[in-house]
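Enquirer: For reference, the structure I am asking about is given below.
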Amino acid sequence: MGEEEVISEEKGCRDISLKDLSVKLEEFAKARDWEKYHSPRNLLLAMVGEVGELSEIFQWRGEVDRGLPNWEESDKEHLGEELSDVLLYLIRLADICGIDLADAAAKKIVKNAIKYPTQSPIKM
């Protein structure tokens with residue numbers, strides 16, 4: 001199966017796991033002999049650069065409505081690409097650092113729920 005087939009097959013994929021993405025990123029880096037460049041520092045700096053590109057999209061828009069109803073489809077597509085860049089660098093960074101990102105995120109949600117409990121109604 002060629003690279004184009006893999007890409008076109010996955011265009012409609014909605015339920016891909018972090019682990020699946022991690023494996024694909026590792027294969028992508030190996031095929032291009034990029035592993036030597038994928039140090040934690042380099043990946044972090046690359047991710048920060050992508051966060052900057054993501055920030056530029058919102059820079060002069062002010063507050064935007066949920067769902068981005070007034071955005072052009074091309075702007076939404078660009079946003080999706082930049083969000084994906086950040087996500088993919090984050091997954092690769094976690095993988096290189098030996099962190100199970102899904103497990104760490106699930107644990108963090110539990111920790112936040114304890115730290116920030118829901119407000120119970122005041123009883124009178």
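The values are calculated or read from the model by the stated rules, or taken from the named source; none is laboratory data. In this text the structure is predicted, and so the values were computed from the model without any measurement. All Cβ positions, even for glycine, are placed from backbone atoms using ideal geometry, and neighbour counts span all protein chains on display. Calculation scope for accessible area: heavy atoms of the full protein, side chains included, ligands and nucleic acids excluded. Shrake-Rupley method; radii C 1.70, N 1.55, O 1.52, S 1.80 Å.
Enquirer: Please identify the pairs in which a residue from the stretch 67-93 that is aliphatic (A, V, I, L, M) and modelled with pLDDT of 95 or more has its Cβ atom under 9 Å from the Cβ atom of a residue that is crowded, with 17+ Cβ neighbours inside 10 Å and not in a helix (DSSP H, G or I), counting only partners at least 6 apart or on another chain.
Expert: Close Cβ pairs (under 9 Å, with a partner that is crowded, with 17+ Cβ neighbours inside 10 Å and not in a helix (DSSP H, G or I)) amount to Leu93/His38.
Enquirer: Of all the residues that make up the stretch 40-74, how many are of a type in the set (D, E, K, R) and under 29 Å from Ala94 (Cβ atoms)?
Expert: Matching residues across the stretch 40-74 total 5.
Enquirer: Right, here's the next one. Filter the stretch 38-70 down to the residues that are more than 15 Å from Asp85 (Cβ to Cβ), surrounded by fewer than 11 Cβ atoms within 10 Å (Cβ to Cβ) and of a type in the set (Gly, Ala, Ser) and list them by number.
Expert: Correct list: Gly62, Gly67.
Enquirer: For residues that are of a type in the set (Ser, Thr, Tyr) and under 25 Å from Leu18 (Cβ atoms), scanning just the stretch 71-100, find the one that is most open to solvent (accessible area, probe 1.4 Å).
Expert: The selected residue is Tyr89.
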